[in-house]
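Encoded as structure tokens, the structure appears first; notes follow it.
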Amino acid sequence: MKLSNIYASCIPAASAQVGPKRLCTESIEGSVEEPRRFSGHDRIPALYSRWLRRAIRQRDFFPVRSLRYADPRKGLLSGVAWEAARPAICRTVGVSVSPDEELGKLSRRLDLAYRETAERVPENTAVTIVNTAAGPDLSVERLEKIDEPASLIALRMAVDARLSTLDLPELFLEMHVRTG
């Protein structure tokens with residue numbers, strides 16, 4: 001979606017007295033508040049900038065020249081190039097070329113984990129199954145606090161003794177001297 005289209009979707013249709021929920025697209029209606037110091041067309045930049053910041057953070061919108069918020073799909077192979085590289089990539093990652101085979105392995109592992117967990121539930125005294133109006137519900141008791149062993153306390157003290165205290169401005173100056 002182009003920025004001009006997004007901006008155009010926030011322009012009021014009738015007058016400057018239209019509330020902010022009427023100014024914006026449905027995707028941001030729930031997050032729009034009534035700005036106290038803006039009125040009419042003055043609210044559009046505030047609403048637009050708030051929507052744009054949220055869209056970039058949630059990866060709904062990808063700035064063109066950004067390293068941090070760039071589109072992760074941008075450099076992916078597709079078509080003939082992907083089909084040629086697929087066996088080597090799958091071998092490198094350690095997965096099968098066939099998705100059905102990989103899904104079968106994962107479903108067998110998941111099924112085994114569920115079965116092992118279900119077998120251990122009757123033996124676990126901290127777990128009970130409570131029947132509610134919505135159906136059976138799993139209830140787990142709180143675990144008691146375990147005291148820290150002396151070896152953990154000694155290890156923590158040894159690690160703290162080896163760590164030097166560092167002043168953040170000193171770190172910045174030292175990094176500046178080394179990197180320029």
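Odds and ends about this structure:
- Descending Cα extents along the principal axes, segment 59-180, whole Å: 65, 58, 33
- Computed packing ranks the peptides 65-72, 142-149 as 65-72, 142-149, most packed first, by mean other Cβ atoms within 10 Å.
- Put simply, when 160-170, 118-128 are sorted by average Cβ atoms within 10 angstrom per residue, most first, you get 118-128, 160-170.
Bear in mind these aren't lab numbers, they're just calculated from the coordinates by the rules spelled out. What you see is a predicted model; the values in this text were computed from it and never measured. Backbone-built Cβ (ideal geometry, glycine too); neighbour counts: all protein chains shown.
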